[in-house]
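Asker: Let me give you the structure first, and then I'll get to my questions.
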Amino acid sequence: MGKIALLGAGSQGFGPQFLADILSRPTLARLPVALMDKSEANLEIMVRLGKKMAVQLGVEPRFEPTTDRRRALDGADYVVATVNAPGDREGMRGVERRISEKYGVNQAIGGDVGPGGVFLSIRYMPLLTAICRDMEELCPNAWLLQYGNDTATVAWALSRVSSIRTVGMCHSVQGTAAELCRYAGVPFEETGHWAAGVNHQAWYLRLEHKGRDMYPLLREKMKDPVIYEKDPVRFEIMKHFGYFPSESSIHHSEFYAYFRKNPEMIARWTPNYLSGSGRDDRYMKDTARSREALRKEAFGDGPARIRTSDEYAIGIIEAMETNRPYRFNGNVMNTGLITNLHYSCVEVPCLVDAMGVHPCWVGDLPEACASLNRQKLAGMALAVKGGLEGDAKAVEQAVALDSLTAAMCTLDQVHDMVTEIIEAEKEFLPQFG
C-alpha cells in the first residue's frame, strides 16, 4: 500500500484539486496521505476541506498533516511537490520582471523562459535538491513528481545531482488539447493527440477526431477572426512553422523575437493583458481573495466543492497502484527519445503502470519545430550549470541565449542585468555565496 506525500499541500490551486482527485478514486482514497506545508494556517484549511470532501464522498481519509518535510517524506512511495520557489512570496518574480524591463526585455510571465525563467529555475534548484537528499535517506525508491518551473531545467538539474526517480510535471499539453477541441468545435473525449518537444513548447504532431486529422479543420477555423484572436501567437506559429504548440499565446509571445520588441507589438499580440507591477498587484489581490474563499469554504457550514482536475500526477499514482496503464506527457531526460534534439530534458508521451514510467520514443521532430525547440534549449544547459555550481557567468550566458533578450540587449546589458538580479535576490540564491 503506497503512501502519498503532498509537499506544498496548502497551495490554493493544487491543494483542493489533488484532495478531490485522491478522495474520488477508491484505490487512492484508502492510502495514507501526508499533507505538508510550512504554513500551519494554510495546512489547516486543506485538512478541513479534505475531511469535508471525504464525508461527502463516503470515504475515510488517512491524512497525516505536518509542517515537517522529513516526517512527510518518511516511508513515502509517491512525492508530489508543488512548493513555491524561495523568494516567490517575497515578490522576486516581480523583481526579475522589473529589472528585465529596465533593460528592455518585457516578459509576459517569465516562468520558464528569459531572465525570469532562468532565475526562477535557479531559485528552485537548492530547495528541490534538498528534497531529493531527504528522499535518498527516507524514501529512496519513491517517485518525485515535481511542478517546479522551469520544469525542464529543474528536472535536468535534478538528474545531475540525485538518483531519485523524477518526472517534471505540467498541464499545458492536456490543457492546450482541450482548447484546440473548443476551437474546432469537437468533443474532447472523441479526440486523440500525440505531442512532443520541450516543456511549454511541445508540438501536436498528431491531432485527430475519430481517427481523422484535425489540422485541416483547425486551419479553416483559424480564418474566423473571433477564434484567431483567442490565440493569435500560437496560430501564427502554426501558420508559419506547421504545427500548434502547447502553453498559451501570452506566454508563447516571450519565447521568440517576433512578438514583444516594442509596446505596439505587445499590444497587438497580447491585448488586454496586464503586465508589470499592475499584474503583480492584481495577482496578490486575487490570491488573497481566493485564500479567504477557501477558508470560508473549509470552516463554514456548507459543503465543500469537489473539483477534480485533469492534472497527471494523481493519474500516475493510480496507474502504479492498480497496474492499469495510463498515458501522460512528462518531462524526462532525452535518452534518444527525440532523435534530432540534443541530450536535454524533453516533454514526451509516457506510459505508466505498476513497473513505473516508460517514456515513449518519438523520433525526429519536423525540422522547423526542432529548430524552435533548440532556441529554447540553447541556454538550459548553462542555466543548469549556473544554478548547480553558483556560476554567475553561466547564468549570464544562459540569459544571453534567450531569443527575446538577444533581440533587445547588448551583451554588456545582459551582463549588467544578470548582475543586478543576482544582487537583488542574493538572499534566495545560496549557491552564489
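The values are calculated or read from the model by the stated rules, or taken from the named source; none is laboratory data. Worth saying up front: this structure is predicted, and the values here are computed from it rather than measured. Please note: Cβ atoms are built from the backbone with ideal geometry, for glycine as well, and neighbour counts cover all protein chains shown.
Asker: For segment 165-192, enumerate the residues that are in contact with a helix residue (DSSP H, G or I) (Cβ under 6 Å, 6 or more places away or on another chain) and surrounded by 22 or more Cβ atoms within 10 Å (Cβ to Cβ).
Answerer: T166, G168, M169, C170
Asker: Still on this model: Taking the condition of a type in the set (G, A, S), within 29 Å of Q375 (Cα to Cα) and in the same structural domain as E347 (by TED's automatic domain parsing), does A196 pass?
Answerer: Taking the combined requirement at face value, the residue satisfies it.
Asker: Turning to a different aspect of this structure: For the subset of segment 381-399 comprising residues that are out of contact with any Asp or Glu (no Cβ under 9 Å at 6 or more places or on another chain) and aliphatic (A, V, I, L, M), which member is surrounded by the fewest Cβ atoms within 10 Å (Cβ to Cβ)?
Answerer: In this case the residue turns out to be A392.
Asker: Please go through segment 309-331 and give me each residue that is hydrophobic (A, V, I, L, M, F, W, C) and under 11 Å from M355 (Cα atoms), ordered by number.
Answerer: The answer is A319, M320.
Asker: All but one of (1) among the small types (G, A, S); (2) in a helix (DSSP H, G or I); (3) over 15 Å from the mean Cα position of the chain (by Cα) hold for S163, so report the exception by its number.
Answerer: In the conditions (1) among the small types (G, A, S); (2) in a helix (DSSP H, G or I); (3) over 15 Å from the mean Cα position of the chain (by Cα), S163 misses (2) alone.
Asker: Right, something else. Can you spot a residue in segment 92-109 that is among the acidic types (D, E), touching a Pro at 6+ places or on another chain (Cβ under 7 Å) and assigned by TED's automatic domain parsing to the domain that holds A195?
Answerer: Checked against the condition, which is being among the acidic types (D, E), touching a Pro at 6+ places or on another chain (Cβ under 7 Å) and assigned by TED's automatic domain parsing to the domain that holds A195, segment 92-109 yields at least one hit.
Every residue, every condition in (1) among the polar types (S, T, N, Q); (2) surrounded by fewer than 22 Cβ atoms within 10 Å (Cβ to Cβ), yes or no:
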{"position": "C360", "(1), (2)": "no, yes"}
{"position": "L365", "(1), (2)": "no, no"}
{"position": "G379", "(1), (2)": "no, no"}
{"position": "T410", "(1), (2)": "yes, yes"}
{"position": "T419", "(1), (2)": "yes, yes"}
{"position": "F432", "(1), (2)": "no, yes"}
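Asker: Here's another thing I want to ask about it. Can you spot a residue in segment 259-279 that is on the phi > 0 side of the Ramachandran plot, modelled with pLDDT under 95 and loosely packed, with under 12 Cβ neighbours inside 10 Å?
Answerer: Within segment 259-279, one or more residues are on the phi > 0 side of the Ramachandran plot, modelled with pLDDT under 95 and loosely packed, with under 12 Cβ neighbours inside 10 Å.
Asker: Continuing with this model, one more query. Just checking, does segment 227-248 include any residue being surrounded by fewer than 22 Cβ atoms within 10 Å (Cβ to Cβ), under 23 Å from F328 (Cα atoms), touching a residue at least 12 places away in the same chain (Cβ under 8 Å) and polar (S, T, N, Q)?
Answerer: yes
Asker: Here's something else I'd like to know. Tell me, which residue of segment 148-163 that is closer than 17 Å to P86 by Cα and among the β-branched types (V, I, T) is modelled with the lowest pLDDT?
Answerer: Restricting to residues being closer than 17 Å to P86 by Cα and among the β-branched types (V, I, T), the top hit is T151.
Asker: May I pose another question? Provide a single number: the residues in segment 192-228 that are part of a loop (DSSP other than H, G, I, E, B) and touching a Leu at 6+ places or on another chain (Cβ under 8 Å).
Answerer: Qualifying residue count for the region: 1.
Asker: Condition check: closer than 24 Å to V173 by Cα and either of a type in the set (S, T, Y) or modelled with pLDDT under 95 (or both). Does T410 satisfy that?
Answerer: So T410 fails the test.
Asker: Something else about it: Among the residues of segment 63-75, are any of a type in the set (G, A, S), within 24 Å of the chain's Cα centre (by Cα) and farther than 22 Å from P303 by Cα?
Answerer: Yes, some residue in segment 63-75 is of a type in the set (G, A, S), within 24 Å of the chain's Cα centre (by Cα) and farther than 22 Å from P303 by Cα.
Asker: Could you tell me whether S159 is of a type in the set (G, A, S), in the same structural domain as S11 (by TED's automatic domain parsing) and either surrounded by fewer than 24 Cβ atoms within 10 Å (Cβ to Cβ) or more than 21 Å from E427 (Cα to Cα) (or both)?
Answerer: Considered against the rule, which asks whether it is of a type in the set (G, A, S), in the same structural domain as S11 (by TED's automatic domain parsing) and either surrounded by fewer than 24 Cβ atoms within 10 Å (Cβ to Cβ) or more than 21 Å from E427 (Cα to Cα) (or both), S159 comes out as yes.
Asker: Hey, another quick one. Can you name every one of the helices (runs of 4 or more DSSP H) wholly within segment 296-414 that holds 3 or more residues which are in contact with a Cys (Cβ under 6 Å, 6 or more places away or on another chain), within 28 Å of A178 (Cα to Cα) and of a type in the set (D, E, K, R)?
Answerer: Qualifying helices (runs of 4 or more DSSP H): none found.
Asker: A further question on this structure: Residue under question is A177, and the condition is that it be assigned by TED's automatic domain parsing to the domain that holds M222 and of a type in the set (A, V, I, L, M); does it hold?
Answerer: Yes, satisfied.
Asker: Take the residues in segment 25-63 that are among the basic types (K, R) and assigned to a helix (DSSP H, G or I), then tell me which one is surrounded by the most Cβ atoms within 10 Å (Cβ to Cβ).
Answerer: By that ranking, first place goes to K52.
Asker: Still on this structure, I have one more. Please determine whether any residue of segment 201-214 is in contact with a Phe, Trp or Tyr (Cβ under 9 Å, 6 or more places away or on another chain), of a type in the set (G, A, S) and outside the structural domain of P140 (by TED's automatic domain parsing).
Answerer: No, because not a single residue in segment 201-214 is in contact with a Phe, Trp or Tyr (Cβ under 9 Å, 6 or more places away or on another chain), of a type in the set (G, A, S) and outside the structural domain of P140 (by TED's automatic domain parsing).
Asker: Can you tell me which residues in segment 106-140 are among the charged types (D, E, K, R) and within 19 Å of K38 (Cα to Cα)?
Answerer: Within segment 106-140, R123, R133, D134 meet the criteria.
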